[in-house]
Structures are given as C-alpha cells and as structure tokens.
C-alpha cells in the first residue's frame with residue numbers, strides 16, 4: 001500500500017499518467033478535472049513545471065491528493081450524495097417544526113404532502129393555540145418541560161383529527177380581526193353616511209389590493225407594488241412597474257382584495273405568507289383603445305377609462321402600459337375586498353324596501369349629496385348638498401332629476417381650488433393630465449343610508465355654447481358621467497382673471513328603476 005502511494009506521487013510529480021489508467025473502468029480509476037489539468041505536460045519540461053508549482057504549492061498538493069483519492073478509493077467508500085431534509089425521520093422533522101411560528105408552519109405545509117401532514121400535527125398547533133388564547137395559570141412553579149406537558153391535554157391531542165387545532169387557531173385569529181374591524185366601522189359620519197374610521201379598519205385587517213393580468217397563453221402576471229391615496233369617501237390605488245407585459249397579448253385584468261390569513265403576518269413587509277384573495281372586478285383589455293373612453297393625454301401618456309373606476313395609462317410612443325390606476329368607493333369596500341373568493345365576487349345583500357302609503361311623494365325628496373373632486377394628493381372640491389328633491393312632473397325618460405347647483409341661483413355656485421388635472425407617476429417619470437380628475441359621489445336617502453355611490457375618473461370637455469351668465473365671462477366646460485343607476489352632469493366656467501373654475505350647474509339623474517326597487521314604489 002505504501003509502495004503504491006509513493007509510486008503515484010512520483011508519477012504525478014513527473015507529470016506522467018500511471019499505467020493502466022486508460023483501461024480503468026469509469027468511476028474506479030477516473031481522474032478529476034482539476035487533477036487532469038495538473039497532470040497535462042506543458043511546454044518547457046520539468047523546469048517550467050517546477051516554477052509553476054513553486055508559485056502555487058498549496059494548490060498543487062491539494063489537487064494531487066484529490067486525484068489519489070479518486071484513483072484508489074473503492075466505489076463503496078466514495079462520498080455519497082448529500083442528505084436531503086425530506087429523508088430525515090418524521091420525529092426529527094416534528095421537533096424542527098415545533099420551533100416554527102404559525103405563519104412559517106403554514107408555509108412549510110405547502111412544500112409537499114409529507115410536510116403537509118407533519119405540519120398539521122395537533123401537538124404543535126395546540127401549543128401555539130394555548131400560548132395565544134388560553135389563560136396562563138401560575139399556581140405553583142414547575143420546570144419548563146413539566147409545564148409544557150401539563151398544559152397539553154392528552155384528550156385534546158389524541159381525540160381530535162389531524163389539523164383540528166390548526167383550524168381552531170386560524171378561525172380564532174380571523175374572528176379576533178373581524179371583531180376589531182367591526183368595532184372600528186361602527187361610528188358613522190353623518191355627512192357621508194360611511195364609517196368614520198374606514199382607513200384605520202383597512203389597516204387593522206391588513207387589506208391591500210393587487211391586479212392580475214392574463215395574456216392569451218393563459219399566463220398570469222401579478223402586480224402588487226402600489227401607492228395608496230385615501231380620501232374622505234374613496235381610496236385611489238396606483239400600480240406602476242418597468243416589467244409590464246405586452247398590451248397586445250393581454251386579455252383580462254382582475255382586481256383582488258388581499259388579506260393575510262393571520263394578523264401577525266400583516267406586520268411582515270415581505271408578504272410571503274398565506275393570503276386570501278377576493279375578486280372585486282374584472283375588465284377585458286382586448287382592443288383597449290377602441291372599447292374604452294379616452295380621457296386625455298399629456299406629452300408622455302394617454303389615459304383610457306373602463307367602468308367601474310379603472311384607468312389605464314399608455315405610453316404614447318410604444319403604446320404599452322405605463323401605469324394602472326383604480327378608484328374605489330368606501331361603500332361596502334371592506335366586504336367586497338374580504339368576503340368574496342378568488343373566482344366569485346361578493347354579492348351585496350338585497351335591500352328590503354320599507355313601504356310608506358302616507359307620503360304621496362315617497363322616495364322623491366330628502367336626498368343628501370356628498371361630492372368630492374380630487375386627484376391624488378390634491379383636493380379640488382369637498383362639499384355637501386342637502387334636501388335634494390324631485391317633483392313628479394320632473395320625472396322624464398326614466399330618470400328623477402335632482403338639482404344640487406342651479407344656473408339661476410348664483411349664491412350656490414362653487415369655486416374649485418387649483419387647476420384641474422390628474423397626477424400620475426412611474427419609477428422614472430411624473431406627469432399631470434389636464435382637465436381630468438376623480439369624482440366621488442355619495443348620495444344618501446332620507447334615512448341617511450348610502451343610496452348611490454361611485455368613484456370614477458372623469459374629464460372635462462369644452463362646450464360649444466357661449467355663457468349666458470352675466471356674472472361670469474369665460475369658456476364653459478362640461479363633465480358627464482353615466483352608469484346603470486344614474487347620470488351626473490356638471491357645468492363649469494373658467495374665469496381667466498382669477499384663474500379658477502366655478503361650478504354653475506350640478507344635476508343628478510337617478511334611474512326610476514333603482515328608486516322603485518329601493519322604496520317599493522311605482523314611478
């Protein structure tokens with residue numbers, strides 16, 4: 001054995017190949033790549049070889065030793081492949097899993113079936129459940145192991161199906177968040193008829209919103225990075241990225257509300273834990289520029305709108321997505337963002353009309369309107385209009401006419417703060433599209449309940465008719481919005497001297513079908 005090793009060292013020192021290596025079987029006498037590189041003769045003979053070895057002696061002997069081991073080790077003695085964590089005994093894996101928190105344990109259960117069954121162990125989850133929900137009793141002092149053994153009831157462990165305490169823990173955590181959110185949304189603002197602490201309730205639930213773009217091949221692209229802007233009655237969400245998929249290949253866009261499965265996860269900025277999706281809206285992006293409404297443009301982007309509340313900004317030169325903006329009204333937003341599923345939207349409970357045979361004009365009066373006009377961080381108008389009504393003779397073409405601001409009553413004409421424009425931004429650019437803004441309408445019935453609510457981007461158009469008002473001399477602009485429940489018509493006058501807009505006419509048209517369904521009438 002010693003003679004063989006010495007002979008091999010001499011052969012490697014002289015840069016020669018041991019005889020018989022060419023005929024050695026694969027795996028038994030095979031020289032590694034590093035050893036083969038050292039054993040290759042170089043021009044200049046042994047003298048050059050000695051100089052190179054003198055420069056790197058450590059590397060030479062390490063390579064020689066590696067070559068010798070590969071030559072003379074038997075196949076059974078060679079190092080085997082590395083051990084995988086899945087090949088560990090179940091008892092050892094359970095011990096490792098017992099040190100994980102609830103969020104990490106749920107993530108581990110998604111690796112494979114074996115990990116899923118181990119991660120459902122009742123002993124681990126009962127320990128987590130007890131530490132959160134069971135009161136701590138300190139009657140006498142015990143060692144840590146004895147305390148842990150005493151706290152885990154054997155009946156609770158063995159008489160339950162696997163995963164029982166996991167479900168109990170999750171249900172309790174969800175119920176705790178629901179109780180906290182319900183407490184926040186109880187106080188109602190008398191002006192808007194909406195919860196006063198909507199923003200705080202959304203943060204307490206860990207709610208966020210994502211969009212999922214689907215292309216023609218069925219591949220989904222998830223966009224999560226977003227900027228939020230909270231207003232009195234709505235939240236505006238802006239998604240921007242440098243990795244948008246090609247617009248020509250996209251078919252649909254889905255908006256989801258996303259909440260963490262466990263409340264502790266909402267504090268984790270990585271957001272890699274389990275979450276629940278609730279479908280809010282779905283839009284078709286095929287032929288976007290033809291099927292949508294063009295709101296306006298600036299030097300860089302062009303804006304297109306899709307009901308309800310979706311705004312897509314396209315780069316002018318490339319005709320590709322620059323950003324996506326969404327306006328969501330607070331009314332029933334928490335329910336729509338949390339109670340739906342990933343495929344089915346949350347269905348609002350049907351409204352039960354309260355009949356009133358005494359009032360001959362039941363459902364035609366005592367409406368209150370709260371109107372917001374804003375753009376990102378800028379608010380142009382925030383006003384409330386009370387006691388709106390409609391006479392039976394004013395019902396025409398299936399609509400009730402509610403006048404909030406009249407041309408004839410100049411005492412109710414309202415100025416707007418600042419120049420109207422819709423602000424946008426991406427990673428590299430910012431801009432403002434003039435004559436565009438977001439309109440939030442909250443119409444309350446006579447009992448103060450939200451009757452018609454929406455938040456949508458709109459634009460102004462220059463009217464062809466001249467101003468007939470003696471108090472204002474300037475161009476007239478109009479803003480129109482319409483959906484299945486009603487219409488909004490706004491007239492504004494631009495005063496060049498003071499550089500401001502004045503609302504001189506604001507009229508709402510409510511569908512008689514909606515009024516009849518709400519009040520049980522027959523107009």
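The values are calculated or read from the model by the stated rules, or taken from the named source; none is laboratory data. All values derive from a computational prediction rather than experimental measurement. Positions of Cβ are backbone-derived with ideal geometry, glycine not excepted, and every protein chain shown enters the neighbour counts.
Got at least one residue in segment 226-239 being more than 19 Å from residue 337 (Cβ to Cβ) and either surrounded by 15 or more Cβ atoms within 10 Å (Cβ to Cβ) or touching a helix residue (DSSP H, G or I) at 6+ places or on another chain (Cβ under 9 Å) (or both)? Explain how you work it out, then say what you get.
Of the residues in segment 226-239, the ones more than 19 Å from residue 337 (Cβ to Cβ) are none.
So far as segment 226-239 goes, no, none of its residues is more than 19 Å from residue 337 (Cβ to Cβ) and either surrounded by 15 or more Cβ atoms within 10 Å (Cβ to Cβ) or touching a helix residue (DSSP H, G or I) at 6+ places or on another chain (Cβ under 9 Å) (or both).
Please specify each residue of segment 490-501 satisfying the condition of being exposed (fewer than 15 other Cβ atoms within 10 Å of the Cβ) and within 25 Å of residue 307 (Cβ to Cβ).
Across segment 490-501, there are no qualifying residues.
State all residues of segment 302-333 that are in contact (Cβ under 8 Å) with a residue 24 or more places away in the chain and more than 24 Å from the chain's Cα centre (by Cα); if no residue qualifies, say none.
319
For segment 175-194, give me each residue that is in contact (Cβ under 8 Å) with a residue 60 or more places away in the chain, within 23 Å of the chain's Cα centre (by Cα) and crowded, with 17+ Cβ neighbours inside 10 Å.
177, 181, 185
Please give the number of the condition residue 290 fails out of (1) modelled with pLDDT of 95 or more; (2) part of a helix (DSSP H, G or I).
(1)
Please count how many residues of segment 439-457 are surrounded by fewer than 20 Cβ atoms within 10 Å (Cβ to Cβ) and either assigned to a strand (DSSP E or B) or at pLDDT below 90 (or both).
The qualifying residues number 1.
Considering only segment 368-375, I want to know if a residue exists there that is closer than 25 Å to residue 240 by Cα, in a loop (DSSP other than H, G, I, E, B) and under 38 Å from the mean Cα position of the chain (by Cα).
The answer is no, given that none of the residues of segment 368-375 is closer than 25 Å to residue 240 by Cα, in a loop (DSSP other than H, G, I, E, B) and under 38 Å from the mean Cα position of the chain (by Cα).
In this structure, does residue 303 turn out to be buried (at least 19 other Cβ atoms within 10 Å of the Cβ), in contact with a helix residue (DSSP H, G or I) (Cβ under 9 Å, 6 or more places away or on another chain), modelled with pLDDT of 85 or more and more than 26 Å from residue 166 (Cα to Cα)?
Against the criterion (buried (at least 19 other Cβ atoms within 10 Å of the Cβ), in contact with a helix residue (DSSP H, G or I) (Cβ under 9 Å, 6 or more places away or on another chain), modelled with pLDDT of 85 or more and more than 26 Å from residue 166 (Cα to Cα)), residue 303 does not qualify.
Going by what's in this entry, would residue 381 be described as crowded, with 16+ Cβ neighbours inside 10 Å and touching a helix residue (DSSP H, G or I) at 6+ places or on another chain (Cβ under 7 Å)? Don't jump to the end; show me each part of the working.
Values: crowded, with 16+ Cβ neighbours inside 10 Å: yes; touching a helix residue (DSSP H, G or I) at 6+ places or on another chain (Cβ under 7 Å): no.
For residue 381, the condition - crowded, with 16+ Cβ neighbours inside 10 Å and touching a helix residue (DSSP H, G or I) at 6+ places or on another chain (Cβ under 7 Å) - is not met.
Just give me the residues in segment 298-342 being in a loop (DSSP other than H, G, I, E, B) and farther than 26 Å from residue 372 by Cα, in sequence order.
299, 300, 316, 317, 318, 319, 320, 339, 340, 341, 342, listed by residue number.
Looking at 471, 427 in this structure, which one is modelled with pLDDT under 95, in contact with a strand residue (DSSP E or B) (Cβ under 7 Å, 6 or more places away or on another chain) and in a loop (DSSP other than H, G, I, E, B)? So that I can check it myself, show each step before the final result.
On the way: 471 fails: in contact with a strand residue (DSSP E or B) (Cβ under 7 Å, 6 or more places away or on another chain).
Exactly one residue qualifies, and that residue is 427.
Name the residues in segment 195-213 that are in a loop (DSSP other than H, G, I, E, B) and over 22 Å from the mean Cα position of the chain (by Cα), would you?
Our first condition is that a residue be in a loop (DSSP other than H, G, I, E, B); within segment 195-213, this holds for 196-197, 206-207.
Correct list: 196 only.
Is there a residue in segment 173-185 that is at pLDDT 90 or above and part of a loop (DSSP other than H, G, I, E, B)?
Yes, some residue in segment 173-185 is at pLDDT 90 or above and part of a loop (DSSP other than H, G, I, E, B).
Read through the list (1) under 17 Å from residue 258 (Cα atoms); (2) touching a residue at least 40 places away in the same chain (Cβ under 8 Å); (3) surrounded by fewer than 18 Cβ atoms within 10 Å (Cβ to Cβ), then give the number of the only condition that residue 222 fails.
Condition not satisfied by residue 222: (2).
Does segment 394-424 hold any residues that are closer than 23 Å to residue 523 by Cβ and either assigned to a loop (DSSP other than H, G, I, E, B) or not assigned by TED's automatic domain parsing to the domain that holds residue 457 (or both), and which are they?
Within segment 394-424, the subset closer than 23 Å to residue 523 by Cβ is 394-404, 406.
Listed by number, the residues that qualify are 395, 397, 398, 406.
Check segment 306-328 and report whether any residue there is at pLDDT below 90, in contact with a helix residue (DSSP H, G or I) (Cβ under 7 Å, 6 or more places away or on another chain) and either within 14 Å of residue 208 (Cα to Cα) or in the same structural domain as residue 479 (by TED's automatic domain parsing) (or both).
No, there is no match, as no residue in segment 306-328 is at pLDDT below 90, in contact with a helix residue (DSSP H, G or I) (Cβ under 7 Å, 6 or more places away or on another chain) and either within 14 Å of residue 208 (Cα to Cα) or in the same structural domain as residue 479 (by TED's automatic domain parsing) (or both).
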